[in-house]
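The values are calculated or read from the model by the stated rules, or taken from the named source; none is laboratory data. Please read these numbers as outputs of a predicted model, since none were measured by experiment. FYI the Cβ positions are ideal-geometry reconstructions off the backbone, even for glycines, and counts take in every protein chain you see. Only protein heavy atoms, including side chains, enter the accessible area calculation; ligands, DNA and RNA are left aside. Shrake-Rupley method; radii C 1.70, N 1.55, O 1.52, S 1.80 Å.
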Amino acid sequence: YKSFHVRLSVKKNGLTSRDREKKVGSWVFYVSGFFFISFFVAPMLVGTGEVPPLEARANAFDYATSDGLWSSGNDNSQNDFAWTELDPYSALAYGFGDLNCHQKYERSWIINDNQMPVCTRDVGIFFGLAVGGFWFSRKGYNRWTVKDTCLSLLPDSWLEGTYLKNRRALVWLLCGLALCLPLIIDGFTQLLTSYESNNITRPLTGIGFGVGLGVLISATYSAKSKYFKSASQVSLPGGMKFQLVEEE
């Protein structure tokens, strides 16, 4: 009876618990979801029309102060905006956007007559990040390597041929490319031609990229070999084992 009970409790990766995968995926979901929601809430908390049209640089502070250091966004316009003067919650959202996004006015949504902290593409990416984290928290399994942990989200029955023919890396790359391709096509077409994306296409293409990034982050922090006694303990689709890895 005991051996039968243990056999039933073993997960599809060969371990008896996936608590770490749940925790990691949940953290990605909660953090990404917090920022996604904050992008919409912050403009509503700020006074109507208090946030002017913004035009910033990515990876730099341009609106931390109204003048002086970290205020270059105000230098070339009539703006007099500083997110450090907002309430702490709104300041966090706008400070995050200032540092990480170009904040182009024409590529952003307006709420309460205030420009959102990030552009529409980033809104889509963070929604996708939350979806990817939630998906991994429900379906992801530690399978020793990052790529095998990512692929664990798919039903094993779909992957039997992939593992039998050892095409794991190829399928992993193709899945990642499929999620990123809409953003890549939209972005490079916009860069290389006169085509200008709109604020419907931009967030939609960002979602797939965000899902892939959320899954990759979750898998990176969940793929741990130390939880297995040996490589051969890892259960893979089609009854395959990491036998060659163990011998090396």
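Points worth noting:
- Residue that is most open to solvent (accessible area, probe 1.4 Å), among those in region 69-90 that are free of Cβ contacts under 8 Å to residues at least 40 places away in the same chain and within 16 Å of Val118 (Cα to Cα): Trp83
- Residue check for Trp27: at pLDDT 85 or above and surrounded by fewer than 20 Cβ atoms within 10 Å (Cβ to Cβ): yes
- Residues of region 131-142 that are hydrophobic (A, V, I, L, M, F, W, C) and surrounded by fewer than 24 Cβ atoms within 10 Å (Cβ to Cβ): Val131, Phe134, Trp135.
- Restricting attention to region 117-162 and to residues that are more than 22 Å from Leu54 (Cβ to Cβ) and charged (D, E, K, R), the residue that is farthest from the chain's Cα centre (by Cα) turns out to be Glu160.
- Ser66, sole failed condition from (1) open to solvent by less than 30 Å² (accessible area, probe 1.4 Å); (2) over 30 Å from Phe136 (Cα atoms); (3) hydroxyl-bearing (Ser, Thr, Tyr): (1)
- Scanning region 189-214 for residues that are under 9 Å from the mean Cα position of the chain (by Cα) and free of Cβ contacts under 8 Å to residues at least 40 places away in the same chain yields a total of 0.
- Search result, residues across region 61-105 that are farther than 24 Å from Ser197 by Cα and within 23 Å of the chain's Cα centre (by Cα): Phe61, Tyr89, Ser90, Ala91, Leu92, Ala93, Gly95
- Residue ID - farthest from the chain's Cα centre (by Cα), chosen from residues in region 36-60 that are closer than 18 Å to His102 by Cβ and open to solvent by 40 Å² or more (accessible area, probe 1.4 Å): Pro53
- Of all residue pairs spaced 6 or more apart or on separate chains, those with beta-carbon atoms under 7 Å, a first member in region 9-21 that is modelled with pLDDT under 95 and a second member that is open to solvent by less than 50 Å² (accessible area, probe 1.4 Å) and acidic (Asp, Glu) are Lys12/Asp156.
- Pick from region 101-130, criterion in contact with a Leu (Cβ under 9 Å, 6 or more places away or on another chain) and at positive phi, ranking: most open to solvent (accessible area, probe 1.4 Å): Asn112
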